[in-house]
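Engineer: Dropping the structure in here first, questions after.
The values are calculated or read from the model by the stated rules, or taken from the named source; none is laboratory data. In this text, all values refer to a predicted model and were calculated from it rather than measured experimentally. Here the Cβ positions follow ideal geometry from the backbone for every residue, glycine too, while neighbour counts run over all protein chains shown.
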Amino acid sequence: IESLFGKPGCIYIYIYIYTYIHTYIHTYIHFHLFSQVAEVLEVPPMRIYEVATFYTMFLRQPVGKYHIQICTTTPCMLCDSDSILEAIQNKLGIKVGGMTADKMFSLIEVECLGACVNAPMVQINDNYYEDLTPKDIDQIIDELKAGKVPPPGPRNGRFSCEPAGGLTSLCEPPPGPGFGVRADL
């Protein structure tokens, strides 16, 4: 541990361990492991619990093959995330915190996922699906049920997070060196 992070008890080792578990084993971390990790790191168990409960990617209970996280904070809510949540619940027959009987899908509500300009949005496993309508989420779920992973990103045709009406700045090459510099300098 010291060779990886420089000092005993570094909380980042927990993130490293979790990342390994999540990436290679695809499972959740049982609550009883928190105290074991704390013991190895020589930190109070509460420090481990704080990290595990703060980050939504630290799974503390089983989730479906496709773990849907829907953002319902202010920007997404103003862009009608409620209708996206309702569409997911109706399509899958589950409520927030639930998992389908076949363990294919699970659904949770999360705080901001950092894609506010592309609201409303969901994260499914590691992919962001943005600028959603209820029809979009219905199609995404159908594709996942068919074993296909739909391409992530905005669903309204725009590139990344450019303005919906098209670019309004940076539309031409930048001026050359010296642009805007006083001549007497």
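Engineer: Looking at the range 26-43, I want the residues that are under 22 Å from residue 65 (Cβ atoms) and have a partner that is β-branched (Val, Ile, Thr) and modelled with pLDDT under 75 with Cβ atoms under 9 Å, at least 6 apart or on another chain. Which pairs are those?
Structural biologist: Matching pairs, first to second residue: 27/21; 28/21; 29/17; 29/21; 29/37.
Engineer: Residues in the range 103-119: is at least one in contact with a Lys or Arg (Cβ under 6 Å, 6 or more places away or on another chain), farther than 11 Å from residue 153 by Cα and surrounded by fewer than 15 Cβ atoms within 10 Å (Cβ to Cβ)?
Structural biologist: The answer is yes, given that some residue of the range 103-119 is in contact with a Lys or Arg (Cβ under 6 Å, 6 or more places away or on another chain), farther than 11 Å from residue 153 by Cα and surrounded by fewer than 15 Cβ atoms within 10 Å (Cβ to Cβ).
Engineer: Out of 92, 59, 85, report the one residue that is hydrophobic (A, V, I, L, M, F, W, C) and not assigned by the TED database to the domain that holds residue 131.
Structural biologist: 59
Engineer: Additional query: What about residue 133, is it of a type in the set (Ser, Thr, Tyr) and modelled with pLDDT under 90?
Structural biologist: no
Engineer: Starting from the range 160-176, take each residue that is within 18 Å of residue 128 (Cα to Cα) and modelled with pLDDT of 75 or more and list its partners that are assigned to a loop (DSSP other than H, G, I, E, B) and of a type in the set (A, V, I, L, M), counting only C-beta distances under 7 angstrom and pairs at least six apart or across chains.
Structural biologist: Filtered contacts from the range 160-176: no entries.
Engineer: So which residues in the range 34-67 are among the aliphatic types (A, V, I, L, M) and closer than 21 Å to residue 110 by Cβ, if there are any at all?
Structural biologist: 48, 51, 52, 57, 59, 63
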